[in-house]
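Before any comments, here is the structure.
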Amino acid sequence: MKIGFAVASYLSDKREMLFNIIRDVAVAHGHTAVALTMTEQTVDYIDVAVRCGYALNEKEVDFILTGCSSGLGMQLACNYIPNVICGYGTSEIEANLFASINQGNAFSYPFSLNWGWASEEKYRFVLHALFKGLNDLPYPKVPKETVQRKIAATDKLKKLKKTTQIDFEAFINVYQDIRN
């Protein structure tokens, strides 16, 4: 699996360190990490979400890792992008459950909120749990009698998202109009 990574320019001081963690954990789980490039000098979390959506929609990558100060704004912005289902979590269990049950294609993390001593190691543990969930068969620890219900709910969410959003090309046109 090819894992893309991008953050806004205000996190540029952490970008290399974060990417190195992502790359190390990705390789340990048989994935490849890719830093998504952006040509603009200054980009906010909305621009990054659009770039992440572009990378997923154009099949540059299979999964996105991103974040912002709290992680929540980036999650919201990503979920506005057609064909992107972005989760959020700060713990190993949240990351693993999102990957193995919700089956999204992007994950946001807070890179400033509560960031301090040993945060790099905590992020590394969260990534290991996320990638383990991505590699597991869907619903590995769910009782067999509830698996079909969970599969149906995940499919329903994905269908609802598709019916409530314009296609990606139309979205990009609107985005470009807003930026100009």
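Nothing in this text is a laboratory measurement; each read-out follows from the coordinates by a stated rule. Being a predicted model, the structure only gives us computed values, none of them experimental. Quick reminder, even Gly has a Cβ in these numbers, built from the backbone with ideal geometry, and neighbours come from all protein chains shown.
When ASP155 is tested against (1) in contact with a Ser or Thr (Cβ under 6 Å, 6 or more places away or on another chain); (2) assigned to a helix (DSSP H, G or I), only condition (1) is not met. Does segment 29-41 contain at least one residue that is assigned to a helix (DSSP H, G or I) and among the aliphatic types (A, V, I, L, M)? Scanning segment 29-41, I find no residue that is assigned to a helix (DSSP H, G or I) and among the aliphatic types (A, V, I, L, M), so the answer is no. Within segment 152-175, residues that are acidic (Asp, Glu) sit with their Cβ atoms under 8 Å from residues that are surrounded by 13 or more Cβ atoms within 10 Å (Cβ to Cβ), at 6+ positions apart or across chains, in these pairs: ASP167/PRO82. Of everything listed in (1) surrounded by fewer than 20 Cβ atoms within 10 Å (Cβ to Cβ); (2) over 12 Å from the mean Cα position of the chain (by Cα), the single unmet condition for ASN79 is (2).
Scanning segment 15-37 for residues that are surrounded by 12 or more Cβ atoms within 10 Å (Cβ to Cβ) and polar (S, T, N, Q) gives ASN20, THR32.
One residue stands out among those in segment 59-107 that are assigned to a strand (DSSP E or B) and touching a residue at least 60 places away in the same chain (Cβ under 8 Å): the one that is farthest from LEU134 (Cα to Cα), which is CYS68.
Here ILE64 fits the description: of a type outside the set (S, T, N, Q) and surrounded by 16 or more Cβ atoms within 10 Å (Cβ to Cβ).
Set side by side, the residues VAL147, VAL174, VAL126 differ, and just one is of a type in the set (Val, Ile, Thr), more than 21 Å from CYS52 (Cβ to Cβ) and part of a helix (DSSP H, G or I), which is VAL147.
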